[in-house]
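What follows draws every value from the coordinates through simple rules; no lab data is involved. As the structure is a computational prediction, the values presented were derived from the model and not from experiment. When we count neighbours, we look across all protein chains shown, and the Cβ atoms used for this are built from the backbone with ideal geometry, even at glycine.
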Amino acid sequence: MKKIIALGVLFVCAMALTINAEAAPMVGFDGFTDFHHTAFQADVYWQVFAPGDAPASIGSNPYYTYTYQVYNIDGDPTDNPLTQFGVLNPTGASIIGGGITNAYTIAPVPFPPVVAPDMSHYGTFSNSAYWTFDPTYIQKHKTSYILWFKSPTKPGMVNGSINAGGSSDNAFVPGPARTPEPASMLLMGMGLVGFASNMIRRKFMA
């Protein structure tokens, strides 16, 4: 009986480790970005998951999953409520589906409640993703729910934007980063090889 119980405990522990491993964000893509404007101050917490590793509430998929949570931090008394957040992806980076979820949080802030999920409107425009917070917006000491989208494009740091009270601020956040086409990479590699051989030839001729 003790052996059965021990095996059961080991099985549960193994399952827990597996679940945590599957939900672990990619190395280097688990952090936050400061948006400090004269009209508002905000932090955007972000995590990027490799294909197949997305949190269960978003659903596993064969694409990279980009997640964000916007927090209106305490700042100057003139700070405005946050009205919109966007991820401005470069041309050539594609987005496949997106939305919001209230199943978990990544912002380590103890100021409930968060913005209700039906107050965040998700959309895409010209290779970019954006979420509009209305009608109440994100007041001070409040956060959005998790904002997310999927993309087949690998992550890099791209331009993010926050709007508040007619003012806006830009800073780098993770997003699909345009990668060179294979033909371009081949030409670049050939050019580097030619450059290196030319430098070696000059060195021996000198």
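When each of the peptides 163-169, 139-145 is scored by the mean number of other C-beta atoms lying within 10 Å of its residues, the order from highest to lowest reads 139-145, 163-169. 3J(HN,Hα) couplings calculated from phi for segment 147-156 with the Karplus curve 6.51 cos²θ - 1.76 cosθ + 1.60 (θ = phi - 60°) are, in sequence order, 9, 8, 7, 10, 7, x, 8, 5, x, x Hz; Gly and Pro show x. Residue-wise HN-Hα couplings along segment 40-49, as the Karplus relation 6.51 cos²θ - 1.76 cosθ + 1.60 with θ = phi - 60° gives them from phi, are 6, 9, 8, 10, 10, 8, 9, 9, 10, 10 Hz; Gly and Pro carry x. Listed values for segment 51-56 are Karplus-derived 3J(HN,Hα) couplings in whole Hz (6.51 cos²θ - 1.76 cosθ + 1.60, θ = phi - 60°), namely x, x, 10, 5, x, 4, and x replaces Gly and Pro.
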